[in-house]
1. Can you tell me which residue is surrounded by the most Cβ atoms within 10 Å (Cβ to Cβ) among those in region 1-40 that are of a type in the set (Ser, Thr, Tyr) and either assigned to a loop (DSSP other than H, G, I, E, B) or in contact (Cβ under 8 Å) with a residue 24 or more places away in the chain (or both)?
2. Being closer than 18 Å to residue 73 by Cβ and either open to solvent by less than 40 Å² (accessible area, probe 1.4 Å) or free of Cβ contacts under 8 Å to residues at least 40 places away in the same chain (or both) is the filter here; which residues of region 100-111 pass it?
3. State whether one or more residues within region 55-68 are open to solvent by less than 20 Å² (accessible area, probe 1.4 Å) and either closer than 29 Å to residue 8 by Cα or modelled with pLDDT of 90 or more (or both).
4. Between a residue in region 126-152 that is over 13 Å from residue 34 (Cα atoms) and basic (Lys, Arg) and any residue that is at pLDDT 65 or above and open to solvent by 90 Å² or more (accessible area, probe 1.4 Å), which pairs come within a Cβ distance under 9 Å, given they are 6 or more apart or on different chains?
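The values are calculated or read from the model by the stated rules, or taken from the named source; none is laboratory data. Keep in mind that this is a model prediction, so the values were computed, not measured. Heads up, the Cβs are rebuilt from the backbone with ideal geometry, glycines too, and the neighbour counts pull from every protein chain shown. What goes into the accessible areas is simple: the full protein's heavy atoms, side chains included, and nothing from ligands, DNA or RNA. Shrake-Rupley method; radii C 1.70, N 1.55, O 1.52, S 1.80 Å.
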Amino acid sequence: RRTVYLEVGGFDERFFMFVEGRDLAARVVRAGYSIRYCPEVRFLHRAESNRPQSNAVYRHSGRLYYEFRNEVWYTWRYFPIGWALLKSRHNLATNLGVAFREQAVGAYLRGYIDGILGLGWVLRHRQPLDSNGLWQVVGQHNRRWLRNPPLQESVV
């Protein structure tokens, strides 16, 4: 709903693009609302701007820079410490493979460096989610992070 979107402050412009939807979903959950997956709801992107063959950002390393940087911010803003450490270690290794495959090692390095340099504002606005909140915002294929929490942290 528009009212919820406005209540939580809409999209955070610091993310610019990529991962901004997950950040918004986490803030919606923190505000006490639920995120639900509704497979019966479908939509069609009429413009092909989000496709690699028609968008220069996808054809070059810009997309990966933002994905790498924003994933650092999202992880450390919403994941409890133990999960954030494990997820960060996994992302570093996995994304390095992506960077080599896409010939975007420079974007990988810039993304992670800028992600780390931006941790100041992230940690000042840190809002770790409890396991129920994480379950709502983490995609099914990534829920391995939610099993057997490595370290506990008090969630406000």
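1. The selected residue is 33.
2. Within region 100-111, 107, 108, 109, 111 qualify.
3. Filtering region 55-68 down to residues open to solvent by less than 20 Å² (accessible area, probe 1.4 Å) leaves 64, 68.
Add one more test, that the residue is either closer than 29 Å to residue 8 by Cα or modelled with pLDDT of 90 or more (or both), and what stays is 64, 68.
Yes - at least one qualifying residue is present in region 55-68.
4. Partner pairs satisfying both residue conditions: 143/135.
Listed here are the residues, each with its yes/no results for (1) open to solvent by less than 90 Å² (accessible area, probe 1.4 Å); (2) at pLDDT 90 or above; (3) outside any helix (DSSP H, G or I).
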| site | (1), (2), (3) |
| --- | --- |
| 87 | yes, no, no |
| 95 | yes, yes, no |
| 143 | yes, no, no |
| 155 | yes, no, yes |
